[in-house]
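Worksheet: one structure, shown below.
The values are calculated or read from the model by the stated rules, or taken from the named source; none is laboratory data. Please read these numbers as outputs of a predicted model, since none were measured by experiment. Because the Cβ atoms are built from the backbone with ideal geometry, glycine has one as well, and the counts that use them run over all protein chains shown. Accessible surface areas use protein heavy atoms only, side chains included; no ligands, DNA or RNA. Shrake-Rupley method; radii C 1.70, N 1.55, O 1.52, S 1.80 Å.
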Amino acid sequence: MISSKLNDAFNTQIDNELASAHLYLSMAAYFESISLPGFANWMRIQHQEEMAHALKFFDYVNTRNGRVILGGISNPTTDFESVGAALMQALENEQKVSAMINKLYEISSQEKDYASQVLLEWFITEQVEEEKSVTDVIDQLRISGGEGAGLLILDDKLAARVSEPEPPIQ
Ligand SMILES: [Fe+2]
Ligand SMILES: [Fe+2]
């Protein structure tokens, strides 16, 4: 059985993952609106990944005989100044989530909940990948020049991204 302190913290994280999903779907809508379907596809897959993260915590709390209580999520940003500004916001969001996951790991250590530490180790590794993947797109945007043919070539490249099946936790 999971402690009530960790149960509450995981419930908060489920909402945080859902808020990330909502933000990336909002970014997908923005990219669609400026005719960059490849960037929109990339963000749509980010949305799916965040939904999978939320469900991973959801399933874990239930497996540990906890109780999932969902809270509300706030409105996502809808207007972005530029392609680069949207991507920078995505990176900042991932950095914030990494700090949240680290905090959860700290709480699970204090609570001596080793099973939760194993779960969170998966998320710690995942966050390294999440920060890298958005940083890669930011770098490629800079290399492309961020407009004209370079931007369209990058959009085509991002259109090719497909969702990968979630690896098992352990
Ligand atoms: Fe996530
Ligand atoms: Fe993420």
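If you check ALA90 against the conditions, is it small (Gly, Ala, Ser), in contact with a His (Cβ under 9 Å, 6 or more places away or on another chain) and either in a helix (DSSP H, G or I) or within 12 Å of ligand 2 (Cβ to nearest atom) (or both)? Judged against the criteria, ALA90 is not a match. Scanning segment 13-27 for residues that are open to solvent by 40 Å² or more (accessible area, probe 1.4 Å) and away from ligand 1 (no atom under 13 Å from the Cβ) gives a single hit, LEU25. When segment 60-78 is filtered for residues that are among the charged types (D, E, K, R) and open to solvent by 90 Å² or more (accessible area, probe 1.4 Å), only ARG67 remains. Going by what's in this entry, would ALA28 be described as modelled with pLDDT of 95 or more, within 13 Å of ligand 2 (Cβ to nearest atom), touching a His at 6+ places or on another chain (Cβ under 8 Å) and more than 21 Å from SER108 (Cβ to Cβ)? No; evaluated as a whole, the condition is false for this residue. Every condition in (1) away from ligand 2 (no atom under 14 Å from the Cβ); (2) touching a helix residue (DSSP H, G or I) at 6+ places or on another chain (Cβ under 7 Å); (3) of a type outside the set (Ser, Thr, Tyr); (4) within 18 Å of ASN11 (Cα to Cα) holds for ILE138 except the one numbered (4).
Can you confirm whether segment 42-58 contains a residue that is open to solvent by less than 60 Å² (accessible area, probe 1.4 Å), acidic (Asp, Glu) and outside any loop (DSSP other than H, G, I, E, B)? The answer is yes; a qualifying residue exists.
Among the residues that make up segment 32-46, is at least one of them touching a Phe, Trp or Tyr at 6+ places or on another chain (Cβ under 6 Å), within 16 Å of ligand 1 (Cβ to nearest atom) and not hydrophobic (A, V, I, L, M, F, W, C)? Scanning segment 32-46 turns up at least one residue that is touching a Phe, Trp or Tyr at 6+ places or on another chain (Cβ under 6 Å), within 16 Å of ligand 1 (Cβ to nearest atom) and not hydrophobic (A, V, I, L, M, F, W, C).
Among the residues of segment 93-120, those that are assigned to a helix (DSSP H, G or I), more than 16 Å from ligand 2 (Cβ to nearest atom) and loosely packed, with under 15 Cβ neighbours inside 10 Å comprise GLU106, SER109, GLN110, TYR114, ALA115, VAL118.
Matching residues to (1) more than 16 Å from ligand 1 (Cβ to nearest atom); (2) touching a residue at least 60 places away in the same chain (Cβ under 8 Å):
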| position | (1), (2) |
| --- | --- |
| GLY72 | yes, no |
| ALA90 | no, yes |
| LEU120 | no, no |
| GLU126 | no, yes |
| GLU131 | no, no |
| GLU147 | yes, no |
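Scanning segment 1-34 for residues that are closer than 23 Å to LEU120 by Cβ and of a type in the set (Ser, Thr, Tyr) gives SER3, SER4, THR12, SER20, TYR24.
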